[in-house]
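Read through the structure below, which is laid out as structure tokens, and then see the notes.
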Ligand SMILES: Cc1cc2nc3c(=O)[nH]c(=O)nc-3n(C[C@H](O)[C@H](O)[C@H](O)COP(=O)(O)OP(=O)(O)OC[C@H]3O[C@@H](n4cnc5c(N)ncnc54)[C@H](O)[C@@H]3O)c2cc1C
């Protein structure tokens, strides 16, 4: 008899799992039905800031597979379908489409509902031209405003990587941009010294940066559109506001069904992406991930994890063997010419996890110092003083500098000491870097501090 697999959420986590499951099981063995509330499937949210900024001109280019593409590959994709309930006893979900609710049975279920952006109930937040940025529709709406009536002033609220990418996009479109961030640094995933360098880089590209100040509300003009942002004792002119205040796992559906949700708000799964409910899996931003160094269960919304977890779920849901091995929080972002990369633990995280952190920061160059085009880059390495184990890395620089964070991630992943990492057989030629690659140099400096 043909079994029925249902997927809730038609983007990275959900459709990766569906595609993998289809590759492993033919249509005669397994029906795969994916429900998605928006009109879009399998698109690159990561590309949205570049669509807004005009680097990518065609929105369709961000769509890896449309609903029609998926249907051609044997997946029953139903867009405009909002899943509103899961009945574990009856093995059914409740779906609302075109105003009518109906029930759909499943043998296996994947919850891949993603994350919900934070939108505090501040006065004026519903004014026209105050945008969140989570979906392709959000990106298209912001681009429309920029195309129709280019704003003179924009305020980005929140200094996480999405806020910074949007600041870049708006600067690129010739808008005067202010950024307001409640904490003392942008990119809270960095140590304060490195975050301070990001703030300097932002100011360097003309962004008016306000740190340590929370937004209290939005003023509205006579046309109903936003006219200013109130933050502390400031009133910042704004014809456009982009909220980048972070996201939380969209786990309400799972919680309401009685499925375990952890303190981070993410759905609890095992390494095979199985939830606490028999026959129910979860993948992507809605899930709690385990940090490989601290062991902590966390909510980290990254497409890299959603795709890998979707693959694991697609395999294990069809009887195969696969495991999601945990994360390091490796992430990279670009703000105009500047690039920022981070992986592993910050000093504060390391301390909280019971390590004795020791760190070093080095200034180096992206090519040999004498080579034309060499630019400055800063690398920070963090290790445990007792064992020498590399725990974290952060990079700020230009010209491909930050992508070196992946080498640090590989070192942390494999539990290398800073001395081992400094001695790694990394490549060298003057056009590509100095003789001691900056990441090896940072590790060497930490090792010197430990060895003495
Ligand atoms: C602007 C932006 C830039 C980003 N840049 C990067 C980057 O550079 N690198 C990186 O690694 N990550 C990046 N990310 C994060 C990345 O896009 C997400 O981690 C990834 O999309 C998560 O995939 P997902 O499938 O878990 O969730 P989503 O992509 O959010 O998909 C979940 C889907 O489920 C649907 N859904 C939710 N609830 C229901 C329901 N009840 N019924 C039906 N459908 C439902 C939603 O409509 C949505 O389409 C970025 C995100 C944004 C918004």
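Restricting to the chain, what percent of DSSP beta bridges are antiparallel, rounded to 5?
Antiparallel: roughly 60 percent of the beta bridges in the chain.
If you take the beta carbon distance between residue 222 and residue 184 as r and set R0 to 45 Å, what does 1/(1 + (r/R0)^6) give as a FRET efficiency, to the nearest 0.05?
Working from the Cβ atoms, E equals 0.80.
What's the exposure ranking of 168, 98, 347, going from fewest to most Cβ atoms within 10 Å?
98, 347, 168
Note the full-extension length gain between residue 403 and residue 435 as 0.36 nm times their separation in residues minus their Cα-Cα distance, in nm to one decimal.
9.8 nm
In whole angstrom, how far apart do the alpha carbon centroids of segment 17-89 and segment 263-326 sit?
So the two Cα centres are separated by 19 Å.
Using the basic label-point model (7 angstrom from Cα toward the beta carbon), what is the residue 3 to residue 97 distance in nanometres?
Between residue 3 and residue 97, the simple spin-label model gives 2.3 nm.
Say R0 is 51 Å: what FRET efficiency, to the nearest 0.05, do residue 64 and residue 451 get from their beta-carbon distance?
With a Förster radius of 51 Å, E is 0.60.
Provide the descending list of Cα extents for segment 169-230 along its principal axes, expressed in whole angstroms.
43, 26, 14
For segment 401-452 and segment 328-366, what is the centre-to-centre distance using only Cα atoms, to the nearest Å?
Here the two parts' Cα centres lie 13 Å apart.
How would you rank 380, 398, 403, going from fewest to most other Cβ atoms within 10 Å of each one's own Cβ?
With the sparsest Cβ surroundings first, the list reads 403, 398, 380.
Roughly how many nanometres apart are two label points built 7 Å out from the Cα toward the Cβ at residue 256 and residue 351?
Result: 4.2 nm between the two label points.
What would the Debye formula give as log10 I(q)/I(0) at q = 0.14 Å⁻¹ for the alpha-carbon point model of segment 330-390, no solvent?
Debye curve over Cα of segment 330-390, log10 I(q)/I(0) at q = 0.14 Å⁻¹: -0.53.
For residue 427 paired with residue 304, estimate the spin-label separation in nm (one decimal), with each label point 7 Å from Cα along the Cα-to-Cβ line.
2.0 nm
From the helices alone, meaning DSSP H stretches of at least four residues, give me the mean residue ellipticity at 222 nm for the chain, per-run term -39500 (n - 2.57), in deg cm²/dmol to the nearest 500.
That calculation yields -7500 deg cm²/dmol at 222 nm.
Convex hull over the Cα atoms of the chain, averaged projected area in nm²?
Here the figure is 23.7 nm², rounded to one decimal.
Between residue 200 and residue 387, what is 0.36 nm times their sequence separation minus the Cα-Cα distance? Round to one decimal in nm.
Using 0.36 nm per residue and subtracting the Cα-Cα distance, I get 63.9 nm.
Most exposed first by the Cβ proxy, i.e. fewest other Cβ within 10 Å, how do 370, 428, 50 rank?
Least to most surrounded, the residues fall as 370, 428, 50.
Computed from the coordinates by the stated procedures, all read-outs in this text should not be read as laboratory data. Remember, predicted model here, so these are calculated numbers, not experimental data. Neighbour counts run over all protein chains shown; Cβ positions are idealised from the backbone, glycine included.
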